[in-house]
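The values are calculated or read from the model by the stated rules, or taken from the named source; none is laboratory data. No experiment lies behind these values; they were computed from the predicted model shown. Counting neighbours? That spans all protein chains shown, and the Cβs are built from the backbone with ideal geometry, glycine included.
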Amino acid sequence: MTSDALTIVRGEIDQDAYSLDGTTHYRLQKLANTAQKSFVEWTLLLDVNQLLFKQNNESNCRKSAKSVKVGEAKMMSYTEIVKAQAKRDAREAAVQNRCETQRFFNGASKGEENMENRGGGCRRRN
């Protein structure tokens, strides 16, 4: 039974109920109200069930996807961040110095430096 059919039956009950005595009329109205409430509750439960089914399906999709560990993460204070930046800058400066030393000993001039960069040598970082 659909909600439209229930509405039609409820209208017919309302029309026919006036010919009945008070107690029967009251019981019939109570039955119609209960049927309508039950139908609404059933519809709401169906909607909730569909929503939960979708959420469960999404969860299963996430579980089936393989997780890849990219790296380690940790909480850092501000001082640890500053130290890590200084360490990174020192490492980059050491690489830059090594590349400049290689160019010096290889005798590369500024024009030759660009040709060397194309071949996969040390690259200048800005």
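Pairing each residue of region 4-28 that is of a type in the set (S, T, N, Q) with any residue that is assigned to a helix (DSSP H, G or I) and surrounded by 11 or more Cβ atoms within 10 Å (Cβ to Cβ), provided the two are 6+ apart or on different chains, yields C-beta distances under 9 Å for Thr7/Gln36; Ser19/His25; Thr24/Ala17. Check Glu92 against each of (1) out of contact with any Lys or Arg (no Cβ under 9 Å at 6 or more places or on another chain); (2) at pLDDT 90 or above and name the one condition it does not meet. Going through the list (1) out of contact with any Lys or Arg (no Cβ under 9 Å at 6 or more places or on another chain); (2) at pLDDT 90 or above, Glu92 breaks only (1).
Do we find a residue being in a helix (DSSP H, G or I), of a type outside the set (Gly, Ala, Ser) and modelled with pLDDT of 85 or more anywhere in region 3-22? No - not one qualifying residue is present in region 3-22. Residues that are of a type in the set (Ser, Thr, Tyr) and surrounded by 11 or more Cβ atoms within 10 Å (Cβ to Cβ) within region 4-38 comprise Thr7, Thr24, Tyr26, Ser38, listed in sequence order. One residue stands out among those in region 25-59 that are of a type in the set (A, V, I, L, M) and in contact with an Asp or Glu (Cβ under 9 Å, 6 or more places away or on another chain): the one that is farthest from Ser3 (Cα to Cα), which is Leu28.
Candidates Lys66, Lys74: the one that is more than 21 Å from the chain's Cα centre (by Cα) and either basic (Lys, Arg) or at pLDDT below 85 (or both) is Lys74.
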